[in-house]
Amino acid sequence: MPVWQELYESIGSDRFEMISVAQDSGGAKAVDKWFDRASLTYRCVIDTTHQISSLFGWVNVPSAAWIDEQGRIVRSNEGTYPGEFKFNFGLGKLRAGDDAFAEATRDWVNHGAESEYVLSSTELAATLRPVTEETLLAEAEFKLALHFKAQKDTKRAQKHFAAAQQLAPDNWCYMRQDWVSRGIAYSDFKTSRLTSYLRKNTEDARFYNRKGLPDEDETRFITPEWIWTSALRRIKQRLRR
Amino acid sequence: MLIIADGKATEVAQRSDDHETLWVRLNELPEATGWQMKPEGACLGELCVPLPEPKRQEWIANTDEDEWLNYSEFADMTGQKYVQDGDVWSLSSIPEVRHSSLESAIAPDFEVTERNGNTLRLSDLRGHKVVLFTWASW
């Protein structure tokens, strides 16, 4: 969140609108601390049913769209970290993200349609996931799973989570939301590794389209270098207490 | 009976004699599904799907002192998917809406509540550049 705030301020809040949408079935309880910690001045929304991902066809977070003054999508991306950040992982920290998307966003706000990062309608179409019977059915299953989860009907929630995941195996939101609601640890790590793998090695790379971004060919996602140094520091702190 | 659609759940009446099919009372249809019956057909905002007379007769029933639409059949026609578990029906987004945003690249409109309590409609931000992004605590 702080990195998005930095981007927002660096461009100027009067020059564009920024909407942050948390895809979290846990609602305010799950996301408030993230929102609150960052003193955000842009628009913040909690979307417990992942409705925005469904509408834009996104299957992972973070994802983003640029929407121009006429309401047209001129770029849609998955894997849009606005800058480098660190997050807790076990005893240590991991690093993710890079500045490429933020730079491109700055350029688009400044230059509009003239920006080299604006996609043509053909290029854009290639980055939007097709709507198929399976993805629609998976969406209905996922929403049903979230409903039963909220009702604390775990058995029925699991049945529909499983159905959604089987119908849309490339939808990471369906998996990660389920993992976290079942308390399965390391979901971030697993997903980041797998996402990075997808970006590099499969045709899904097109949905993580970095076309035109400053380091188009480079994939920088997670570097585990902080795990050990940070873990050692924490252990030392604990011993001192 | 509960209908989950478009990010919200709506409690609606259930037809007493048929629990296998999704029948929705016409007066509850807009709130629960977004569709509204009009002389020209079923309409969702500016999108209207004609309902020829034979279909109207087949899909609209007068029973339990109310008018009901056979939403299962209607959804099959529009390609919208649905899943039932007990008294809960979950509807997918509407393919026509998704396709039109794919083709025209006009962003699909939505209405959400901001954390500060304000209602936000994407289309209200026309005239501004918008960066929309998702994230999650997980």
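Before we go on, tell me the buried accessible area for the A/B pair, both chains summed, 1.4 Å probe, in Å² to the nearest 100. Don't skip to the answer; put the middle values down first.
Working: alone 13980 and 9590 Å², together 18010 Å².
Buried surface at the A/B interface: approximately 5600 Å².
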- Message: So if I take the centroid of the Cα atoms in the range A:1-25 and the same for the range B:46-97, what is the distance between those two points in Å?
- Response: 39
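With +1 on the Cβ of every Lys and Arg and -1 on the Cβ of every Asp and Glu, and nothing else charged, how large is the dipole of the range B:83-138 about its Cα centre, in debye rounded to the nearest 20? Kindly include the intermediate steps, with their values, before the conclusion.
Values: 5 positive and 8 negative charges, 72 e Å.
With Lys and Arg at +1 and Asp and Glu at -1, about 340 debye.
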- Which distance in nm do the two modelled labels at A:ARG106 and A:THR154 give, with both placed 7 Å along the Cα-to-Cβ direction? 4.8
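For the pairs A:LYS29/A:LYS152; A:LYS143/B:LYS81; A:LYS159/B:LYS81; A:LYS143/B:LYS8, flag any whose C-alpha to C-alpha distance is greater than 19 Å. If you can, show how the numbers build up before the last one.
Numbers: A:LYS29/A:LYS152 16 Å; A:LYS143/B:LYS81 12 Å; A:LYS159/B:LYS81 17 Å; A:LYS143/B:LYS8 10 Å.
Among A:LYS29/A:LYS152; A:LYS143/B:LYS81; A:LYS159/B:LYS81; A:LYS143/B:LYS8, the Cα-Cα distance tops 19 Å for no pair.
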- Under a 1.4 Å probe, counting only protein heavy atoms, A:TRP34 has an accessible area in Å², nearest 10, of 90
- Query: With all protein chains present, how much of the accessible area of the range B:2-97 (probe radius 1.4 Å) comes from carbon and sulfur, to the nearest whole percent?
  - Reply: 44
- Treat each spin label as a single point 7 Å out from the Cα along the C-beta direction, and report the B:ASP64 to B:GLU11 distance in nm. 1.5
- Message: In whole Hz and in residue order, list the ³J(HN,Hα) couplings for the range B:16-23 that follow from phi through the Karplus curve 6.51 cos²θ - 1.76 cosθ + 1.60, θ = phi - 60°; x for Gly and Pro.
- Response: 5, 9, 8, 9, 8, 10, 8, 9
- Semi-axes, largest first, in whole Å: what does sqrt of 5 times each Cα gyration tensor eigenvalue give for chain B? 30, 19, 14
- Note on the structure: From highest to lowest solvent-accessible area (probe 1.4 Å; ligands, DNA and RNA excluded), B:SER100, A:SER39 read A:SER39, B:SER100
- Item | Virtual spin-label span in nm between B:ASN116 and B:LEU2, 7 Å along Cα→Cβ | 3.2
- Evaluate E = 1/(1 + (r/R0)^6) for B:SER123 and B:THR78, where r is the Cβ-Cβ distance and R0 equals 30 Å; express this FRET efficiency to the nearest 0.05. 0.85
- Item | Cα long-axis angle, helix B:95-104 against chain B (0 to 90 degrees, to the nearest 10) | 30
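The values are calculated or read from the model by the stated rules, or taken from the named source; none is laboratory data. Keep in mind that this is a model prediction, so the values were computed, not measured. FYI the Cβ positions are ideal-geometry reconstructions off the backbone, even for glycines, and counts take in every protein chain you see. The accessibility values were calculated without ligands, DNA or RNA, using every heavy atom of the protein model including side chains. Shrake-Rupley method; radii C 1.70, N 1.55, O 1.52, S 1.80 Å.
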